[in-house]
1. From the list Asp32, Asp69, exactly one residue is farther than 22 Å from Trp182 by Cα, in contact with a Pro (Cβ under 8 Å, 6 or more places away or on another chain) and part of a loop (DSSP other than H, G, I, E, B). Which is it?
2. Can you tell which of Phe67, Phe54 is hydrophobic (A, V, I, L, M, F, W, C), surrounded by 13 or more Cβ atoms within 10 Å (Cβ to Cβ), at pLDDT 95 or above and in contact with a helix residue (DSSP H, G or I) (Cβ under 8 Å, 6 or more places away or on another chain)?
3. Cβ-Cβ under 7 Å, sequence separation 6+ or interchain: first residue in segment 16-33 and closer than 15 Å to Glu141 by Cα and touching a residue at least 24 places away in the same chain (Cβ under 8 Å), partner of a type in the set (S, T, N, Q) and loosely packed, with under 15 Cβ neighbours inside 10 Å. Which pairs?
4. Restricting the search to segment 82-102, which residues are within 16 Å of Asp32 (Cα to Cα) and not in a helix (DSSP H, G or I)?
5. If a residue must be loosely packed, with under 11 Cβ neighbours inside 10 Å and closer than 17 Å to Ala57 by Cβ, how many such residues does segment 170-182 contain?
6. Give me the residue from segment 108-127 that is part of a loop (DSSP other than H, G, I, E, B) and within 12 Å of the chain's Cα centre (by Cα) and, out of that set, farthest from Leu60 (Cα to Cα).
7. Among (1) surrounded by fewer than 17 Cβ atoms within 10 Å (Cβ to Cβ); (2) under 16 Å from Phe42 (Cα atoms); (3) of a type outside the set (Val, Ile, Thr); (4) at pLDDT 95 or above, which single condition is Gln87 missing?
8. In segment 103-147, which residue that is out of contact with any helix residue (DSSP H, G or I) (no Cβ under 6 Å at 6 or more places or on another chain) and over 22 Å from Pro34 (Cβ atoms) is modelled with the lowest pLDDT?
Amino acid sequence: MGEEPLTKANILDLIADEPVRMALLHAVAKLDLPDCWIGAGFVRNLVWDHLHGFSDATPLNDIDVIFFDAMNVSENLELKIAACLEQSQPQFKWDVKNQARMHTVNGDAPYESSIDALSFWPKTATAIAVRLWDETSNRLELAAPLGVEDLVALRVRPTPAFKRKMKIFEQRIMKKHWQNIWPNLRLQ
């Protein structure tokens, strides 16, 4: 592990080199949802697999799609979008959430955008997302409001906003068993 640390550009290159992830990004982009991204394990797992030298990708539990539409905060809309994605990519479980309503679920002040919402996610290494910015050129954009340092340093710690919810944070970490999958992780 004496290599230079990964940068945002390196992370985008890793994603661009993954045909399955690119197909999923294209499926989501076709829906043309406002302020839409795929986050959490979609990016995190790939980076941690790379840093651990895994030749096979760690399976994704689900695909976390976020978008921001303050005009329609119906949970029903999220279910319809997930169903549409399951039709096009049925081998994956889709978790679709409109971040314009999630502040009420999470007990936070209203979020201003999907990127703002990411900064309220539980773990810094997971508060990261990617989207297909230009389908024609396959240009990707990475959202990391808290940076990528913890992700590439294999460090797991709460986001500043989640420090007030430490019991929930600790329960989530225990449930994930991440150190069994990625033994070089450091919990902080």
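1. On the way: Asp32 fails: in contact with a Pro (Cβ under 8 Å, 6 or more places away or on another chain).
Exactly one residue qualifies, and that residue is Asp69.
2. Numbers: Phe54 fails: in contact with a helix residue (DSSP H, G or I) (Cβ under 8 Å, 6 or more places away or on another chain).
Answer to the check: Phe67.
3. Partner pairs satisfying both residue conditions: Ala16/Asn138; Met22/Asn138.
4. Val96, Lys97, Asn98
5. We begin by selecting, within segment 170-182, every residue loosely packed, with under 11 Cβ neighbours inside 10 Å; these are 174-175, 177, 180.
After this cut, where a residue has to be closer than 17 Å to Ala57 by Cβ as well, the list is 180.
Residues that pass the stated criteria total 1.
6. At the first step, the residues of segment 108-127 found to be part of a loop (DSSP other than H, G, I, E, B) are 108-113, 119-122, 124-127.
Then keep just the ones that are within 12 Å of the chain's Cα centre (by Cα); that gives 119, 121-122, 124-127.
On the way: Ser119: 22, Trp121: 18, Pro122: 18, Thr124: 19, Ala125: 16, Thr126: 13, Ala127: 16 Å.
So, considering only residues that are part of a loop (DSSP other than H, G, I, E, B) and within 12 Å of the chain's Cα centre (by Cα), the one farthest from Leu60 (Cα to Cα) is Ser119.
7. Gln87 satisfies every listed condition except (2).
8. For segment 103-147, the residue satisfying everything is Gly107.
The values are calculated or read from the model by the stated rules, or taken from the named source; none is laboratory data. The shown structure was predicted, so the numbers you read here are calculated from the model rather than taken from an experiment. Note: ideal-geometry Cβ built from the backbone for every residue, glycine included; neighbour counts use all protein chains shown.
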